[in-house]
Amino acid sequence: MTIRKRQLSAMLMAGSLAGFLGATTAHASLDQCGGVFIFAEAQCAFVPTEQCKTDCTTVAVENSCAAGIYPDCKGSCMASATAECESSCTTVCTTDCDPPSDAGVLPDAGALPDAAIQPDAATVLAQPPNCMGLCMSDCQQTCTDTCADSPNHGPCRSCCAHTCGDRCEEQCKDQPAPAPAPVVTTPAAQAAACSTTCTMACTGSCTAQANAQCQIDCQTPVYADCEQKQVQRCQTDCETTGGAIFCDGQFLNATDINSCAEQLSSEVSINVDVHLAVAAHVSGGGTVRTTTTSTSEHRGCAVAQVGSSGGDSTSGLFGLFSLGAIGFLRGRKSRITAATRNDAS
């Protein structure tokens, strides 16, 4: 075995963090599903009437309410990102995104094209950074801190997280998507990519942080009314259509269930089997309930955590907005930015 073959394993590990942060994608405002943000890791399922009405609780409509109220509050919540926040975030983001200076190694000649082998230059194997993932991982920790002592813990975090999603998407929507497989690049090129991506990601995160409390304050007076209406809408959908779609225990306020299922499939590769019961008029003035089925192959759909009524809304919120990198990123952030965050904490 050559030294270069042994070095390839180290090279893969060196690029793992960037790939990890680049693995999660989200799509903004799935309009057919009530305008919520849903990540590919979310676990979604069509829940039929028998279980559906039981699942229509106030806890289950937190995300749909946050998404529905958010646009009305946005016009009055237009604060800009602070320079202090952007500087702090960018420092941490580039540190985590950019591989260590000693991570560059020469790949095995049999593992990569000859053109990629540059004997005089170190190379790294990494996924390009994901702007949305970096932005959300930084922003959502602020939601945890902001809402930790809130008496309306779940609604507060749903509101804050939707603010993160909207502002991050505004900044990151034009950023190129990560490559589907690891690529070979030089440390200098990787650092340049991280610098550009982190600038965009941190602007989005810090803008969201600057407006989160404003959104929370704006939504709070009307949230209870929204909550009641959404629970009723959920129960009505369960009864009239034969079920509803839930993602991680959260009801999706779908304009049309089939259209929502199609958008989930096309935008985030989450497929659900929808079984709609349709009331049809027949001769004699009576009605008969017939069932139609829309079935698609599962490409990563997991049917779990549905029906979390009565529980803490944490799983619902961070299922739809989950990023495994949050803990890692926050770990470094707390060490690097302790001084600048003292007053806020």
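The values are calculated or read from the model by the stated rules, or taken from the named source; none is laboratory data. In this text the structure is predicted, and so the values were computed from the model without any measurement. Cβ sites come from the backbone with ideal geometry, for glycine too, and all protein chains shown count toward neighbours. Only protein heavy atoms, including side chains, enter the accessible area calculation; ligands, DNA and RNA are left aside. Shrake-Rupley method; radii C 1.70, N 1.55, O 1.52, S 1.80 Å.
Return the total of residues in the range 84-117 being modelled with pLDDT under 55 and not polar (S, T, N, Q). I'd like the intermediate steps shown before the answer.
So the first thing to find is which residues in the range 84-117 are modelled with pLDDT under 55, and the list is 101-117.
Filter again for not polar (S, T, N, Q), leaving 102-117.
Result for the range 84-117: 16.
Of the residues 185, 163, which is among the β-branched types (Val, Ile, Thr) and in contact with a Ser or Thr (Cβ under 8 Å, 6 or more places away or on another chain)? Break it down stepwise before answering.
Numbers: 163 fails: in contact with a Ser or Thr (Cβ under 8 Å, 6 or more places away or on another chain).
Just a single option satisfies the conditions, and that option is 185.
Could you tell me whether residue 149 is over 20 Å from residue 70 (Cβ atoms), open to solvent by 20 Å² or more (accessible area, probe 1.4 Å) and out of contact with any Asp or Glu (no Cβ under 8 Å at 6 or more places or on another chain)?
Working: over 20 Å from residue 70 (Cβ atoms): yes; open to solvent by 20 Å² or more (accessible area, probe 1.4 Å): yes; out of contact with any Asp or Glu (no Cβ under 8 Å at 6 or more places or on another chain): yes.
Yes, satisfied.
Any idea how many residues of the range 45-83 are touching a Leu at 6+ places or on another chain (Cβ under 8 Å) and modelled with pLDDT under 95? Spell out the reasoning first.
The first filter runs over the range 45-83 and keeps only residues touching a Leu at 6+ places or on another chain (Cβ under 8 Å), leaving 62-64.
Okay, now just the ones that are also modelled with pLDDT under 95, so none.
Final tally of qualifying residues: 0.
Scanning the range 156-170 for residues that are farther than 23 Å from residue 222 by Cα and of a type in the set (Asp, Glu), which turns out surrounded by the fewest Cβ atoms within 10 Å (Cβ to Cβ)? Talk me through it step by step, then tell me what you get.
Restricting attention to the range 156-170, the residues satisfying the condition of being farther than 23 Å from residue 222 by Cα are 168-170.
Filter once more, so that each one left must be of a type in the set (Asp, Glu): 169-170.
Numbers: 169: 19, 170: 16.
So the residue we want is 170.
Name the residues in the range 49-66 that are of a type in the set (Gly, Ala, Ser) and either closer than 16 Å to residue 220 by Cβ or in contact with a Pro (Cβ under 9 Å, 6 or more places away or on another chain) (or both), would you?
Within the range 49-66, the subset of a type in the set (Gly, Ala, Ser) is 60, 64, 66.
Listed by number, the list holds a single entry, 66.
Listed here are the residues, each with its yes/no results for (1) surrounded by 23 or more Cβ atoms within 10 Å (Cβ to Cβ); (2) of a type in the set (Gly, Ala, Ser); (3) in a loop (DSSP other than H, G, I, E, B).
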{"site": "154", "(1), (2), (3)": "no, yes, no"}
{"site": "175", "(1), (2), (3)": "no, no, yes"}
{"site": "210", "(1), (2), (3)": "no, yes, no"}
{"site": "253", "(1), (2), (3)": "yes, no, yes"}
{"site": "258", "(1), (2), (3)": "no, no, no"}
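Would it be correct to say that residue 221 is in contact with a Phe, Trp or Tyr (Cβ under 6 Å, 6 or more places away or on another chain) and under 17 Å from residue 70 (Cα atoms)?
Details: in contact with a Phe, Trp or Tyr (Cβ under 6 Å, 6 or more places away or on another chain): no; under 17 Å from residue 70 (Cα atoms): yes.
Answer is no for this residue.
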